[in-house]
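Novice: Mind having a look at this structure? Questions to follow.
The values are calculated or read from the model by the stated rules, or taken from the named source; none is laboratory data. All values derive from a computational prediction rather than experimental measurement. Cβ coordinates were reconstructed from backbone atoms using ideal geometry, including for glycine residues, and neighbour counts include every protein chain displayed. With ligands, DNA and RNA removed, areas are computed over all heavy atoms of the protein, side chains included. Shrake-Rupley method; radii C 1.70, N 1.55, O 1.52, S 1.80 Å.
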Amino acid sequence: TAALDPASNKLPKPLNVLIVGASRGIGAGIAHAYAQAGAASLLLAARSSSSQELATVAQEAKNLNPSVSIKSLEVDITSNTSVAQLAKDVKQEVGRLDIVIVNSGYSGPVVLKVEEGDPQDFQDVFNVNVQGTYLVAHHFIPILKESDGAKTFIVINSFGACIVNGHIANTAYCISKFAQARLVEFLSEQYGADGILAVAVHPGAVNTEMADKTTPDSFRPCKCIF
């Protein structure tokens, strides 16, 4: 509907937006939405292995809004060095950063019992969803603090943070998303007085590439993923 169409809901002023994890799925959709809504610049970041997909998202966003400035950047969200370099690159690219969106996420294999699965998979999920979110906050909250812009830090979370049983109660993913949501609460508490809005958003059940790969067959008949 028009009420939900980004093209019909223009931004009150041009914004500079960083989207971490923009190469596919929800991240790509966010990039397209901000382009349609009239963002001044989009900074799209993803792993080097996703450079081709990221280039496609950037071109699609440009097609939606030829006036938006778009820059594609590489980052490994699990690496402190890489995220620190991304922060430097972003500061050089734009004088003011308004919005940071952390969309990067990893579910790992669906493991319903702690005694099962590979402990390394558990660690890998936490490295992306929790440590990665922390690293982006660590390096970009200072940039938002010094900005005179919207000062918004958005994390794409999941309803998985609230579940403990069922077909998709993936131990590592659900616990990591709970921890991620709690981390965002800390950001809100620690930096609210600085004018920073920090929120974790549950985007709904979205049939992304990652979701399609990890959703068990037992869950699919309920048609909960659209």
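Novice: Looking at the chain, identify the longest residue range that excludes and avoids all GluC sites (Glu not before Pro) in DSSP loops having at most 13 other Cβ atoms within 10 Å.
Specialist: No qualifying site falls inside 1-114, the longest such stretch.
Novice: Hey, what do the phi angles of the stretch 107-117 turn into as Karplus ³J(HN,Hα) couplings, whole Hz, using 6.51/-1.76/1.60 and θ = phi - 60°, x for Gly and Pro?
Specialist: 9, x, x, 6, 10, 9, 10, 4, 6, 9, x
Novice: At a 1.4 Å probe, what is the % contribution of carbon and sulfur to the accessible area of the stretch 71-195? Kindly include the intermediate steps, with their values, before the conclusion.
Specialist: Values: 3190 of 6290 Å².
The computed percentage sits at 51.
Novice: OK, next. Run the numbers for residue 169 and residue 124: contour at 0.36 nm per residue of separation, minus the present Cα-Cα distance, in nm.
Specialist: Contour length minus the Cα-Cα distance gives 14.5 nm.
Novice: Could you pull out the pairs from 113/177; 91/151; 13/151; 62/151; 91/145 whose alpha carbons sit more than 19 Å apart here?
Specialist: Too far apart for the 19 Å limit: 62/151.
Novice: What are the ³J(HN,Hα) couplings of the stretch 39-50, residue after residue, when phi is run through the Karplus curve with 6.51, -1.76, 1.60 and θ = phi - 60°? Round to Hz, x for glycine and proline.
Specialist: 4, 6, 8, 10, 10, 9, 10, 6, 4, 4, 5, 9
Novice: Note the listed values (i) 1.00; (ii) 0.96; (iii) 1.07, then indicate which one is Rg/Rh (Cα atoms, Kirkwood Rh) calculated from this particular structure.
Specialist: After the calculation, the listed value that fits is (ii).
Novice: With unit charges on the beta carbons (Lys and Arg positive, Asp and Glu negative) and the dipole taken about the Cα centre of the stretch 95-169, which residue among 161, 150, 126 sits farthest to the positive side?
Specialist: Final value for the positive-end residue is 150.
Novice: Hey, can you list the DSSP H helices of the chain whose Cα span along the axis is 24 Å or longer and whose average Kyte-Doolittle score is at least -1.0?
Specialist: 171-191
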